[in-house]
Amino acid sequence: MPRVQVLTEAPGRAHQVILTEHVPSEMFANEHYAAQLLERMGWALVDADEQEQAIRA
């Protein structure tokens, strides 16, 4: 089954998984599910960005 992952990526450090989800393609036929997945991905991207900035600081 397809998987979507959001990871941190900072030089000299191992990737940290912020979000991982199985995403079957048929779920995108449901607009509500698709919108919820995009919302969770957005939150995860913000969290990953904040963690990467804290590591670099």
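Coordinate-derived values only; no laboratory data. Note that this is a predicted model, so its numbers are computed, not measured. Cβ placement follows ideal geometry from the backbone for every residue including glycine, while neighbour counts extend to all protein chains displayed.
So here's what we get for this one:
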{"read-out": "Contacts under 6 angstrom Cβ, first residue in region 16-29 being of a type in the set (A, V, I, L, M), partner loosely packed, with under 11 Cβ neighbours inside 10 Å, 6 or more apart", "value": "Val23/Pro2"}
{"read-out": "Residues within region 13-44 that are among the aliphatic types (A, V, I, L, M), surrounded by fewer than 11 Cβ atoms within 10 Å (Cβ to Cβ) and not in a helix (DSSP H, G or I), tallied", "value": "1"}
